[in-house]
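First up is the structure itself, then whatever we jot down about it.
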Amino acid sequence: MARPAIRKVLPSHSRREIYVAKSNVRRAIIREWMSLAREKRQSDRQAFAFTKPAVERYDLPRSRRTPHDVVMAWLRPRIGRP
């Protein structure tokens, strides 16, 4: 008598998919920030103004930090960069 094949059912999203999704959102936001004119990305205040609409546009992955803090952490190293 042949035994039926046992299939392992994976969750609808694995850890890797979540990581890739976060990476793509991060890249898109950074790319958008760096595409602004140099004069528009010189200060924390300008980054702060940029993050509000960015957080509304993109679906950020869950985090203990607020979405605004996450995006600001991504942008801080790039503030004032050529």
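None of the figures in this text is laboratory data; all of them are computed from the coordinates on show. Since we're looking at a predicted model, the values are computed, not measured.
Annotation: extensible slack from ARG31 through ARG78 equals 15.9 nm (criterion: 0.36 nm per residue apart, minus Cα-Cα distance). Dividing the radius of gyration of the alpha carbons in the range 18-78 by their Kirkwood radius gives 0.94 for Rg/Rh.
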